[in-house]
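Presented below is the structure to which this report refers.
The values are calculated or read from the model by the stated rules, or taken from the named source; none is laboratory data. Keep in mind it's a predicted model, so treat the numbers as computed, not measured. Cβ placement follows ideal geometry from the backbone for every residue including glycine, while neighbour counts extend to all protein chains displayed. Protein only, heavy atoms only, side chains kept; ligands, DNA and RNA dropped before computing areas. Shrake-Rupley method; radii C 1.70, N 1.55, O 1.52, S 1.80 Å.
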Amino acid sequence: MKEDLSQVESYWLQQLQCNNEQVLALLMKQYYTDLYNYAARLSPDESMIKDCIQEVFISLWQRRDSATAILSIRYYLLRAVKNKVLKALYYNNRKASPVHLQAAYNFSYEFSIEKLIIDQQVSEEKAAKLKRTLSQLSKRQQEVIYLKFYQHLDHEQIAELMGISRQSVYNLLHETIQKLRNLWHTEFVAR
(Lines give C-alpha, C1' and ligand atoms only; values in the text may rest on other atoms or scores of the structure.)
Protein backbone atom coordinates (compact mmCIF):
# COMPACT_ATOMS: atom_id res chain seq x y z
CA MET A 1 0.00 0.00 0.00
CA LYS A 2 2.80 2.44 0.93
CA GLU A 3 4.54 1.57 -2.34
CA ASP A 4 1.36 2.35 -4.29
CA LEU A 5 1.03 5.66 -2.48
CA SER A 6 4.61 6.56 -3.38
CA GLN A 7 3.91 5.80 -7.03
CA VAL A 8 0.77 7.93 -6.95
CA GLU A 9 2.59 10.79 -5.22
CA SER A 10 5.44 10.49 -7.69
CA TYR A 11 2.97 10.72 -10.57
CA TRP A 12 1.30 13.77 -9.02
CA LEU A 13 4.66 15.48 -8.60
CA GLN A 14 5.62 14.73 -12.21
CA GLN A 15 2.30 16.17 -13.36
CA LEU A 16 2.93 19.29 -11.30
CA GLN A 17 6.22 19.74 -13.11
CA CYS A 18 4.30 19.48 -16.38
CA ASN A 19 2.19 22.50 -15.32
CA ASN A 20 -0.92 20.40 -14.66
CA GLU A 21 -3.14 22.73 -12.62
CA GLN A 22 -5.69 19.94 -12.11
CA VAL A 23 -3.15 18.05 -10.00
CA LEU A 24 -2.66 21.12 -7.81
CA ALA A 25 -6.44 21.29 -7.34
CA LEU A 26 -6.47 17.56 -6.55
CA LEU A 27 -3.73 18.00 -3.95
CA MET A 28 -5.63 20.87 -2.37
CA LYS A 29 -8.78 18.77 -2.21
CA GLN A 30 -6.88 15.74 -0.90
CA TYR A 31 -4.90 17.46 1.87
CA TYR A 32 -6.72 20.68 2.79
CA THR A 33 -8.72 19.22 5.69
CA ASP A 34 -5.68 17.52 7.24
CA LEU A 35 -3.63 20.70 6.89
CA TYR A 36 -6.38 22.83 8.38
CA ASN A 37 -6.93 20.43 11.28
CA TYR A 38 -3.21 20.37 12.07
CA ALA A 39 -2.80 24.14 11.80
CA ALA A 40 -5.87 24.66 14.00
CA ARG A 41 -3.96 22.87 16.75
CA LEU A 42 -1.26 25.52 16.51
CA SER A 43 -3.45 28.63 16.36
CA PRO A 44 -7.13 29.46 16.77
CA ASP A 45 -6.99 32.18 14.07
CA GLU A 46 -9.04 30.65 11.23
CA SER A 47 -8.37 33.35 8.64
CA MET A 48 -4.62 33.22 9.29
CA ILE A 49 -4.68 29.43 8.94
CA LYS A 50 -6.54 29.61 5.63
CA ASP A 51 -4.07 32.24 4.38
CA CYS A 52 -1.12 30.06 5.41
CA ILE A 53 -2.53 27.00 3.63
CA GLN A 54 -3.19 29.05 0.51
CA GLU A 55 0.38 30.40 0.61
CA VAL A 56 1.74 26.85 0.90
CA PHE A 57 -0.10 25.74 -2.24
CA ILE A 58 0.92 28.91 -4.10
CA SER A 59 4.53 28.24 -3.11
CA LEU A 60 4.23 24.61 -4.23
CA TRP A 61 2.96 25.78 -7.61
CA GLN A 62 5.70 28.42 -7.95
CA ARG A 63 8.37 25.84 -7.09
CA ARG A 64 6.87 23.01 -9.10
CA ASP A 65 10.08 22.62 -11.13
CA SER A 66 11.73 21.08 -8.07
CA ALA A 67 8.65 19.12 -6.95
CA THR A 68 10.13 15.67 -7.61
CA ALA A 69 12.60 16.27 -4.78
CA ILE A 70 9.64 15.94 -2.38
CA LEU A 71 9.67 12.46 -0.82
CA SER A 72 6.24 12.62 0.85
CA ILE A 73 3.58 15.12 -0.15
CA ARG A 74 1.70 14.81 3.16
CA TYR A 75 4.87 15.42 5.19
CA TYR A 76 5.99 18.28 2.95
CA LEU A 77 2.62 20.04 3.24
CA LEU A 78 2.29 19.51 7.01
CA ARG A 79 5.78 20.88 7.56
CA ALA A 80 5.22 23.84 5.24
CA VAL A 81 1.92 24.74 6.93
CA LYS A 82 3.47 24.46 10.39
CA ASN A 83 6.34 26.74 9.34
CA LYS A 84 3.94 29.29 7.81
CA VAL A 85 1.72 29.32 10.90
CA LEU A 86 4.69 29.70 13.25
CA LYS A 87 6.07 32.56 11.15
CA ALA A 88 2.67 34.25 11.13
CA LEU A 89 2.43 33.84 14.90
CA TYR A 90 5.92 35.30 15.26
CA TYR A 91 5.08 38.34 13.14
CA ASN A 92 1.83 38.83 15.05
CA ASN A 93 3.68 38.55 18.37
CA ARG A 94 7.15 40.02 17.88
CA LYS A 95 7.95 39.63 21.60
CA ALA A 96 8.94 35.99 21.12
CA SER A 97 11.83 34.86 18.99
CA PRO A 98 11.11 32.17 16.35
CA VAL A 99 13.07 29.65 18.44
CA HIS A 100 11.04 30.42 21.58
CA LEU A 101 7.82 30.37 19.58
CA GLN A 102 8.68 26.90 18.22
CA ALA A 103 9.25 25.61 21.75
CA ALA A 104 6.31 27.40 23.34
CA TYR A 105 3.44 27.21 20.84
CA ASN A 106 0.38 25.67 22.33
CA PHE A 107 -0.44 22.51 20.39
CA SER A 108 -4.02 21.59 21.12
CA TYR A 109 -5.94 18.58 19.94
CA GLU A 110 -9.31 17.33 21.06
CA PHE A 111 -9.05 13.59 20.57
CA SER A 112 -12.12 12.33 18.75
CA ILE A 113 -14.13 9.95 20.90
CA GLU A 114 -16.25 8.98 17.90
CA LYS A 115 -13.22 7.88 15.89
CA LEU A 116 -11.83 5.96 18.84
CA ILE A 117 -15.16 4.19 19.39
CA ILE A 118 -15.42 3.20 15.74
CA ASP A 119 -11.74 2.31 15.31
CA GLN A 120 -11.33 0.43 18.56
CA GLN A 121 -14.94 -0.67 19.10
CA VAL A 122 -14.92 0.19 22.79
CA SER A 123 -17.83 1.15 24.96
CA GLU A 124 -18.73 4.79 25.58
CA GLU A 125 -17.45 4.47 29.12
CA LYS A 126 -14.01 3.31 27.98
CA ALA A 127 -13.89 6.07 25.35
CA ALA A 128 -14.68 8.71 27.97
CA LYS A 129 -11.93 7.29 30.20
CA LEU A 130 -9.53 7.37 27.25
CA LYS A 131 -10.40 10.99 26.48
CA ARG A 132 -9.78 11.96 30.11
CA THR A 133 -6.50 10.07 30.01
CA LEU A 134 -5.35 11.75 26.77
CA SER A 135 -6.23 15.18 28.11
CA GLN A 136 -3.72 14.59 30.93
CA LEU A 137 -0.83 14.43 28.45
CA SER A 138 1.40 17.44 27.86
CA LYS A 139 0.90 19.42 24.65
CA ARG A 140 4.08 17.90 23.13
CA GLN A 141 2.87 14.40 24.02
CA GLN A 142 -0.51 15.13 22.43
CA GLU A 143 1.26 16.41 19.31
CA VAL A 144 3.45 13.32 18.93
CA ILE A 145 0.39 11.05 19.35
CA TYR A 146 -1.51 13.12 16.78
CA LEU A 147 1.31 13.04 14.22
CA LYS A 148 2.07 9.34 14.71
CA PHE A 149 -1.41 7.83 14.95
CA TYR A 150 -3.67 10.36 13.24
CA GLN A 151 -1.38 11.67 10.48
CA HIS A 152 0.59 8.39 10.11
CA LEU A 153 3.99 10.08 9.84
CA ASP A 154 7.17 8.11 10.42
CA HIS A 155 9.63 8.92 13.20
CA GLU A 156 11.97 10.89 10.93
CA GLN A 157 9.13 13.09 9.66
CA ILE A 158 7.84 13.69 13.19
CA ALA A 159 11.36 14.64 14.31
CA GLU A 160 11.68 17.19 11.50
CA LEU A 161 8.20 18.58 12.06
CA MET A 162 8.57 18.93 15.82
CA GLY A 163 12.16 20.19 15.62
CA ILE A 164 13.62 17.39 17.73
CA SER A 165 15.98 14.50 17.05
CA ARG A 166 14.75 11.14 15.85
CA GLN A 167 15.87 9.59 19.13
CA SER A 168 13.85 12.20 20.98
CA VAL A 169 10.78 11.12 19.01
CA TYR A 170 11.34 7.50 20.05
CA ASN A 171 11.85 8.62 23.64
CA LEU A 172 8.82 10.91 23.62
CA LEU A 173 6.59 8.22 22.11
CA HIS A 174 7.84 5.63 24.58
CA GLU A 175 7.35 8.01 27.51
CA THR A 176 3.89 9.01 26.25
CA ILE A 177 2.72 5.43 25.77
CA GLN A 178 4.04 4.50 29.22
CA LYS A 179 2.22 7.47 30.71
CA LEU A 180 -0.98 6.49 28.89
CA ARG A 181 -0.70 2.94 30.26
CA ASN A 182 -0.16 4.21 33.80
CA LEU A 183 -2.99 6.73 33.54
CA TRP A 184 -5.29 4.12 32.00
CA HIS A 185 -4.47 1.66 34.79
CA THR A 186 -4.99 4.36 37.44
CA GLU A 187 -8.34 5.25 35.85
CA PHE A 188 -9.56 1.65 36.10
CA VAL A 189 -8.25 1.14 39.63
CA ALA A 190 -9.93 4.37 40.75
CA ARG A 191 -13.32 3.19 39.50
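Brief remarks follow.
- Subset of the stretch 31-87 (residues that are open to solvent by less than 60 Å² (accessible area, probe 1.4 Å), of a type in the set (A, V, I, L, M, F, W, C) and part of a loop (DSSP other than H, G, I, E, B)): 42, 70
- Residues located in the stretch 1-30, provided they are open to solvent by 80 Å² or more (accessible area, probe 1.4 Å) and modelled with pLDDT of 85 or more: 11, 14, 18, 19, 21, 22, 29, 30
- Close pairs from the stretch 20-49: first more than 22 Å from residue 68 (Cβ to Cβ), partner open to solvent by less than 60 Å² (accessible area, probe 1.4 Å) and of a type outside the set (A, V, I, L, M), Cβ under 6 Å, at least 6 apart: 41/107; 41/108; 41/109; 42/105
- Among the residues making up the stretch 5-54, those that are within 25 Å of residue 138 (Cβ to Cβ) and among the polar types (S, T, N, Q) are 37, 43.
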